[in-house]
Each structure stands twice: as C-alpha cells, then as structure tokens.
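Worksheet: the structure to be examined is printed underneath.
The values are calculated or read from the model by the stated rules, or taken from the named source; none is laboratory data. All values reported here derive from a predicted model rather than from experimental measurement. Every residue, glycine as well, gets a Cβ built from its backbone with ideal geometry; the counts of neighbours run over all protein chains shown.
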Amino acid sequence: MLGDLRLRVLLFRQADDVWVAQVLEHDMAAHGPNEYAALAAVQLVLQAHVNFDTRLQRPPLSRLQAAPAEFWDAYNHAEPLRMPDETPIFQPAHIVAAVSKDPVQRAH
C-alpha cells in the first residue's frame, strides 16, 4: 500500500542552516541542516503518520489535507533534487523532490 503512494516534496532553505521538506499532497513538513537531511526527516514523519493511521484502521494520510497553494507554486518553479549515487535512500513512498531557489512562506 505504501509503495503505491506518489508524493511531491518541495525543499527550500528557511535559514542559513535550516532546510525544509514540505510534502504537497499531504500538508506535513520536516527540517534538517541540508536538503538531503530534510528529505530523510520528512520520510520518517511520513512513515510515522502511515503507521499511526494503520493502527487506527484508517486509510494512510487520509486526515491530512494538501499543502497550501504557495508551496505548489514554488514546486512548479523548482528544480529536481539531484541525488548523489552513494546516498542511501529510505522511501516509504515514491517521492519526487524539487529544490526551490527562493524561501517559501506560509500565508496566514
């Protein structure tokens, strides 16, 4: 079931030493010191949400809405994340990540 999930993740720098990984289809995020660490962190958050929903016999991620439009817009102008060949990747779903050159702010 989890392998059937297809998700887009926007990566952007929030501060000099903080990168954010924002899932678009389900509004969840995590951060790390670089784009790869942020992506790994959001994958762990994703897995935790799926595990929780499974224990409660709910469809995975069914209670999370899509991310706000500003993240989708930024993703559409972002560049695909280049993964080094030697980087081990844990992917609880099929993830397509892209890096925004500009910071993204959530509208209030």
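Quick test of your reading of the structure: Arg6 fulfils all but one of (1) out of contact with any strand residue (DSSP E or B) (no Cβ under 7 Å at 6 or more places or on another chain); (2) within 20 Å of Met83 (Cα to Cα). Name the failing condition by number.
Result: Arg6 fails condition (1) only.
Which one is modelled with the lowest pLDDT, of the residues in region 80-108 that are surrounded by 11 or more Cβ atoms within 10 Å (Cβ to Cβ) and assigned to a strand (DSSP E or B)?
His94
Would you tally the residues in region 45-56 being without any contact (Cβ under 8 Å) to a residue 24 or more places away in the chain and outside any loop (DSSP other than H, G, I, E, B)? Don't jump to the end; show me each part of the working.
Just the residues of region 45-56 that are without any contact (Cβ under 8 Å) to a residue 24 or more places away in the chain, to begin with: 45, 48-49, 51-56.
Within this subset, residues satisfying the condition of being outside any loop (DSSP other than H, G, I, E, B) are 45, 48-49, 51-55.
Selection size over region 45-56: 8.
I'm told Pro59 meets every condition in (1) in contact (Cβ under 8 Å) with a residue 24 or more places away in the chain; (2) part of a loop (DSSP other than H, G, I, E, B); (3) at negative phi except one. Can you identify the failing condition by its number?
The single condition Pro59 does not satisfy is (1).
Looking at Leu24, is it in contact (Cβ under 8 Å) with a residue 40 or more places away in the chain, on the phi > 0 side of the Ramachandran plot, of a type in the set (A, V, I, L, M, F, W, C) and touching a helix residue (DSSP H, G or I) at 6+ places or on another chain (Cβ under 8 Å)?
Numbers: in contact (Cβ under 8 Å) with a residue 40 or more places away in the chain: yes; on the phi > 0 side of the Ramachandran plot: no; of a type in the set (A, V, I, L, M, F, W, C): yes; touching a helix residue (DSSP H, G or I) at 6+ places or on another chain (Cβ under 8 Å): yes.
So Leu24 does not fit the description; no.
Out of region 1-36, which residues are under 29 Å from Pro59 (Cβ atoms) and not in a strand (DSSP E or B)?
Within region 1-36, Met1, Leu2, Gly3, Asp4, Leu5, Leu24, Glu25, His26, Asp27 meet the criteria.
Restricting the search to region 1-30, which residues are surrounded by 15 or more Cβ atoms within 10 Å (Cβ to Cβ), closer than 14 Å to Val99 by Cα and more than 9 Å from the chain's Cα centre (by Cα)?
Scanning region 1-30 gives Phe12, Arg13, Trp19.
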